[in-house]
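The values are calculated or read from the model by the stated rules, or taken from the named source; none is laboratory data. All values reported here derive from a predicted model rather than from experimental measurement. No Cβ is skipped: glycine too gets one built from the backbone with ideal geometry, and neighbour counts run over all protein chains shown.
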């Protein structure tokens, strides 16, 4: 039964009354601008087409895209389970982009019409929403409206199941195919358009009334789950966590959080960090109070860094700061360097490296990772990262006797590779995309800045215990270094392996190519690399002794070694490993077309503090890609 209230019509009659061919043409035009990826679907949803738009208006055709996606996701979720009196139940939420409410309402209307129960949470960070889907009572999946770190006028959605993780690559492809089939089907298209042109239903009104109740429950689930993640596994985990809290509650570490109006402003950050004894100074902590760029790198970290310095100059003992992106899963750090007397930004690769040290040390501290008399781990332990993650992670893992496994870019890929390894019996506590910063800490299946902050607190403050040295001392011992009394964050950072790495989000890392065939471009790139490797090798310092290179191709969770060893459209990442005369990896070059933006990304990683070498390597990589692109386009044109 329809509610007679017709004040909220999603699309105007002038749009919905068009003949099907015109409707399909409008929606297909909108779809042509959507980037489909396992990490989520994204486009500029603001009706004025401005990627920096602060308007909440969404063009009707894009609302139909959201409605069709919701209809296909509902179909994936299936009907009521056999013997159950309850319908399938989903969590629906948004980040704080202005277009989020309209997109979510379109999805809500379609999901309800499909017979699903929907817990609409309103604004909720993606880790909270996904924890609720994974640990909430009888939740079968989630539909989350976000464009992550993209500009404010962008939006989109990511979807996942009751495990709290996004759809894997195969499921994401199947979802996209079902969406395109629905778009081509007159009945499916008309049904969604008519539904979005109708007044709200009583079920929709009820879902909106219940929003605050579901949101409160989601926060409870998320907070409980976060405590489980932070504590971790191991026979001493409970005692270790209590020992940490005794210290942090006594010391009361000062933390600055610049929430930048993100979905984290509507979550449990204050409560969770206060429970650990932290003093918290929050900036831009109202949902939608977006004060600067959404990407938490470079200029996006500056206000947090400046506030940290201001507090220190006033004599307040704040030492750490964090800034999330808009959906609140990714978060990068700033810290106060006591020796230098300044506040510094951490690069994304450094954030992941520091959390890697912290979580591997914590595994030893809790007794989950221990060693035999020969110093070898008694159990198989692994870290999973994406292709462009710096080799500093390999050095850290080697210090602990831990394996490193790499995947294609995309959170779903690292999560699924970790699951594969766990099925083989391995412990995989830490995983993530070091090139983007942040960390995924099992049993979570998504990055979370609260888990990153707690990783640093564990390394910084967990004390020596009757059963173990402190995590900091465990790390120093693995390096063969002497003990340090009360090591600061700056001191701990100074112990990390030295590598210089291109930031994924600086302009130098982005290219625009013309070739439509990544297979053709890569084939020509490899030929050019073979011709010019000697010239490239001479860019490297002699002490690195680089003699040879090796090609590595990434396809979802599969690594394929060797020139041309690729399948399908060959859109995965390609790495050129640079090896010395003993076979030690001293750096790499990496390239890949983005799955969520219309760009081609490149990156260089080299051992040591060598910004000039990194710059020269990246420019040579750029030249090789440009040459390959031109050759590929010329061949395609001539044929």
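For segment 463-471, does any single residue satisfy the condition of being closer than 25 Å to residue 321 by Cα, touching a residue at least 12 places away in the same chain (Cβ under 8 Å) and either within 13 Å of the chain's Cα centre (by Cα) or not in a loop (DSSP other than H, G, I, E, B) (or both)?
Here is the first cut: in segment 463-471, the ones closer than 25 Å to residue 321 by Cα are 463, 470-471.
Keeping just the survivors that are touching a residue at least 12 places away in the same chain (Cβ under 8 Å) gives 463, 470-471.
Narrowing the set further to residues that are either within 13 Å of the chain's Cα centre (by Cα) or not in a loop (DSSP other than H, G, I, E, B) (or both) leaves 471.
Yes; the residues of segment 463-471 include at least one that is closer than 25 Å to residue 321 by Cα, touching a residue at least 12 places away in the same chain (Cβ under 8 Å) and either within 13 Å of the chain's Cα centre (by Cα) or not in a loop (DSSP other than H, G, I, E, B) (or both).
Taking the conditions exactly as written (more than 15 Å from residue 453 (Cα to Cα), touching a residue at least 24 places away in the same chain (Cβ under 8 Å), surrounded by fewer than 24 Cβ atoms within 10 Å (Cβ to Cβ) and within 22 Å of the chain's Cα centre (by Cα)), does residue 340 satisfy them or not? Walk me through how you get there before you give the answer.
Numbers: more than 15 Å from residue 453 (Cα to Cα): yes; touching a residue at least 24 places away in the same chain (Cβ under 8 Å): yes; surrounded by fewer than 24 Cβ atoms within 10 Å (Cβ to Cβ): yes; within 22 Å of the chain's Cα centre (by Cα): no.
Considered against the rule, which asks whether it is more than 15 Å from residue 453 (Cα to Cα), touching a residue at least 24 places away in the same chain (Cβ under 8 Å), surrounded by fewer than 24 Cβ atoms within 10 Å (Cβ to Cβ) and within 22 Å of the chain's Cα centre (by Cα), residue 340 comes out as no.
Scan segment 374-384 and tell me whether some residue there is under 20 Å from residue 589 (Cα atoms), crowded, with 24+ Cβ neighbours inside 10 Å and at pLDDT 95 or above. Give the steps one after another, and end with the answer.
Applying the first criterion (under 20 Å from residue 589 (Cα atoms)) to segment 374-384 yields 384.
Going one step further and asking which of them are crowded, with 24+ Cβ neighbours inside 10 Å, we end up with 384.
If we keep only those that are at pLDDT 95 or above too, we end up with 384.
Within segment 374-384, one or more residues are under 20 Å from residue 589 (Cα atoms), crowded, with 24+ Cβ neighbours inside 10 Å and at pLDDT 95 or above.
Within segment 242-271, which residues are surrounded by fewer than 19 Cβ atoms within 10 Å (Cβ to Cβ), under 27 Å from the mean Cα position of the chain (by Cα) and more than 22 Å from residue 294 (Cβ to Cβ)?
Narrowing segment 242-271 to residues surrounded by fewer than 19 Cβ atoms within 10 Å (Cβ to Cβ): 242, 245-247, 249-252, 270-271.
With under 27 Å from the mean Cα position of the chain (by Cα) added as a condition, the list becomes 270-271.
Matches in segment 242-271: 271 only.
For the structure I just gave you, tell me whether residue 52 is in contact (Cβ under 8 Å) with a residue 60 or more places away in the chain, over 15 Å from residue 156 (Cβ atoms) and more than 25 Å from the chain's Cα centre (by Cα).
On the way: in contact (Cβ under 8 Å) with a residue 60 or more places away in the chain: yes; over 15 Å from residue 156 (Cβ atoms): yes; more than 25 Å from the chain's Cα centre (by Cα): no.
When the stated conditions are applied, residue 52 does not pass them.
Can you work out which of the residues in segment 416-449 that are touching a strand residue (DSSP E or B) at 6+ places or on another chain (Cβ under 7 Å) and part of a helix (DSSP H, G or I) is surrounded by the most Cβ atoms within 10 Å (Cβ to Cβ)?
Here the answer is 449.
Going by the structure shown, is residue 452 farther than 26 Å from residue 345 by Cα, in the same structural domain as residue 357 (by TED's automatic domain parsing) and part of a helix (DSSP H, G or I)? Lay out the reasoning, then the answer.
Values: farther than 26 Å from residue 345 by Cα: no; in the same structural domain as residue 357 (by TED's automatic domain parsing): yes; part of a helix (DSSP H, G or I): yes.
Taking the combined requirement at face value, the residue does not satisfy it.
Looking only at segment 409-431, filter to residues that are touching a helix residue (DSSP H, G or I) at 6+ places or on another chain (Cβ under 8 Å) and at pLDDT 95 or above; which one of those is farthest from residue 353 (Cα to Cα)?
From segment 409-431, those touching a helix residue (DSSP H, G or I) at 6+ places or on another chain (Cβ under 8 Å) are 410, 412-413, 416, 427-431; that's our starting set.
Applying the additional criterion that residues be at pLDDT 95 or above yields 427-431.
Working: 427: 18, 428: 16, 429: 14, 430: 11, 431: 11 Å.
Top of the filtered list is 427.
When only residues in segment 183-232 that are over 30 Å from the mean Cα position of the chain (by Cα) and not in a helix (DSSP H, G or I) count, which is surrounded by the most Cβ atoms within 10 Å (Cβ to Cβ)?
Restricting attention to segment 183-232, the residues satisfying the condition of being over 30 Å from the mean Cα position of the chain (by Cα) are 184-206, 209.
From the residues that got through so far, the ones that are not in a helix (DSSP H, G or I) too are 185, 197-201.
Numbers: 185: 13, 197: 17, 198: 18, 199: 14, 200: 22, 201: 18.
Within segment 183-232, the match that is surrounded by the most Cβ atoms within 10 Å (Cβ to Cβ) is 200.
Return the total of residues in segment 342-368 being within 24 Å of residue 250 (Cα to Cα) and in a loop (DSSP other than H, G, I, E, B).
Here the count works out to 1.
Give me the pairs, please: first residue somewhere in segment 541-556 and on the phi > 0 side of the Ramachandran plot and not assigned by TED's automatic domain parsing to the domain that holds residue 386, second residue anywhere and at pLDDT below 95 and assigned to a strand (DSSP E or B), beta-carbon distance under 6 Å, and either six or more positions apart or on two chains.
That search, which allows pairs on different chains as well, returns nothing.
A quick yes/no check of all residues on (1) modelled with pLDDT of 95 or more; (2) surrounded by fewer than 22 Cβ atoms within 10 Å (Cβ to Cβ); (3) in contact with a strand residue (DSSP E or B) (Cβ under 6 Å, 6 or more places away or on another chain); (4) part of a helix (DSSP H, G or I):
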{"position": "579", "(1), (2), (3), (4)": "yes, yes, yes, no"}
{"position": "588", "(1), (2), (3), (4)": "yes, no, yes, no"}
{"position": "596", "(1), (2), (3), (4)": "no, yes, yes, no"}
{"position": "634", "(1), (2), (3), (4)": "no, yes, no, yes"}
{"position": "637", "(1), (2), (3), (4)": "no, yes, no, yes"}
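One residue is enough: does segment 121-135 have a residue meeting the conditions over 14 Å from residue 67 (Cβ atoms), touching a helix residue (DSSP H, G or I) at 6+ places or on another chain (Cβ under 8 Å) and at pLDDT below 95? Show your work before the answer.
Going through segment 121-135, the residues over 14 Å from residue 67 (Cβ atoms) turn out to be 121-135.
Filter once more, keeping what is touching a helix residue (DSSP H, G or I) at 6+ places or on another chain (Cβ under 8 Å): 121-129, 131-132, 134-135.
Keeping just the survivors that are at pLDDT below 95 gives 134-135.
For segment 121-135, residues over 14 Å from residue 67 (Cβ atoms), touching a helix residue (DSSP H, G or I) at 6+ places or on another chain (Cβ under 8 Å) and at pLDDT below 95: present.
Which is in contact with a strand residue (DSSP E or B) (Cβ under 6 Å, 6 or more places away or on another chain), under 20 Å from residue 553 (Cβ atoms), in the same structural domain as residue 536 (by TED's automatic domain parsing) and free of Cβ contacts under 8 Å to residues at least 60 places away in the same chain, of 603, 621, 617?
621
Mind listing whichever residues of segment 500-518 are surrounded by 16 or more Cβ atoms within 10 Å (Cβ to Cβ) and not in a loop (DSSP other than H, G, I, E, B)?
If the condition is that a residue be surrounded by 16 or more Cβ atoms within 10 Å (Cβ to Cβ) and not in a loop (DSSP other than H, G, I, E, B), then 500, 501, 509, 511, 518 are the ones that fit.
Which ones in segment 153-171 are more than 21 Å from residue 294 (Cα to Cα) and either not in a helix (DSSP H, G or I) or not assigned by TED's automatic domain parsing to the domain that holds residue 90 (or both)?
To start, the set of residues in segment 153-171 that are more than 21 Å from residue 294 (Cα to Cα) comprises 159-171.
Of everything in segment 153-171, those that are more than 21 Å from residue 294 (Cα to Cα) and either not in a helix (DSSP H, G or I) or not assigned by TED's automatic domain parsing to the domain that holds residue 90 (or both) turn out to be 159, 160, 161, 162, 163, 164, 165, 166, 167, 168.
Taking segment 1-25, which residues are modelled with pLDDT of 55 or more and surrounded by fewer than 10 Cβ atoms within 10 Å (Cβ to Cβ)?
Hits for segment 1-25 are 13, 14, 19, 21.
Please enumerate the residues belonging to segment 503-536 that are under 15 Å from residue 606 (Cα atoms) and at pLDDT 95 or above.
Selection gives 536 alone.
Hey, could you check segment 471-499 for residues that are under 21 Å from residue 336 (Cα atoms) and touching a strand residue (DSSP E or B) at 6+ places or on another chain (Cβ under 9 Å) and say which is surrounded by the most Cβ atoms within 10 Å (Cβ to Cβ)?
489
Considering 303, 253, which residue is closer than 30 Å to residue 509 by Cβ and at pLDDT 95 or above?
Numbers: 253 fails: closer than 30 Å to residue 509 by Cβ.
Exactly one of 303, 253 is closer than 30 Å to residue 509 by Cβ and at pLDDT 95 or above, namely 303.
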